[in-house]
Amino acid sequence: MSSYSVVIPTKDRPDFLKRAVISVLQQKSIPERIVVVDNSTKESNKYENNNIINQLMKTTKIELIYKYLENCTNASIARNHGSRYTHSKYIGF
């Protein structure tokens, strides 16, 4: 199978972010890169999301990238922003 990357947009939901990333890591076909695009409105959620990604980076060899996108109005913009950090032929959202 060709290599692929996954982009996960998130906003103010750190508990679901951790579940989403772990779910991707448990798939039979593992992506070469996971990009998390965060546009949380609360500083505490931004901090928590960043900590979650840092903790998960210690448990996997898959490249995890965390990007904060301020003033993002919808998930489509977040997905497009995240796709800029992938180099794979295929991208999953």
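Here is how the numbers come out for the structure above:
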read-out	value
28 Å Cα-Cα reach of K89 towards lysines, excluding residues that sit fewer than 8 places from it in its own chain	K11, K18, K28, K58, K61, K67
In order through the range 67-72: 3J(HN,Hα) via Karplus (6.51 cos²θ - 1.76 cosθ + 1.60), integer Hz, x for Gly, Pro	10, 9, 10, 6, 6, 7
Where labels lie 7 Å past Cα in the beta-carbon direction, separation of Y68 and R84 in nm	1.7 nm
Relative contact order (percent, whole number), the range 1-49, Cα cutoff 8 Å, 6+ residue spacing	51 percent
Shape of the chain, Cα gyration tensor, a/c cut at 1.5	oblate
Gaussian network model of the chain, springs between alpha carbon atoms under 10 Å - residue of K18, K61, K28 with greatest fluctuation	K28
Karplus (6.51, -1.76, 1.60) ³J(HN,Hα), θ = phi - 60°, over the range 29-42, in Hz, Gly and Pro reported as x	9, 8, x, 7, 8, 10, 10, 9, 10, 10, 10, 4, 8, 9
Amide proton proximity set for Y68, modelled H, under 5 Å, gap of 5+	D38
Magnitude of the charge dipole, the chain, Cβ model with Lys/Arg +1 and Asp/Glu -1, debye to 20	240 debye
Residues with amide H under 5 Å from that of E63, placed H, sequence gap 5 or more	I34
Length-normalised contact order for the chain - Cα pairs under 8 Å, 6+ apart - percent	42 percent
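Read-outs throughout are calculated quantities, based only on the coordinates presented, and are distinct from any laboratory measurement. As the structure is a computational prediction, the values presented were derived from the model and not from experiment. Glycine also receives a Cβ, built like all others from the backbone with ideal geometry; neighbour counts cover every protein chain displayed.
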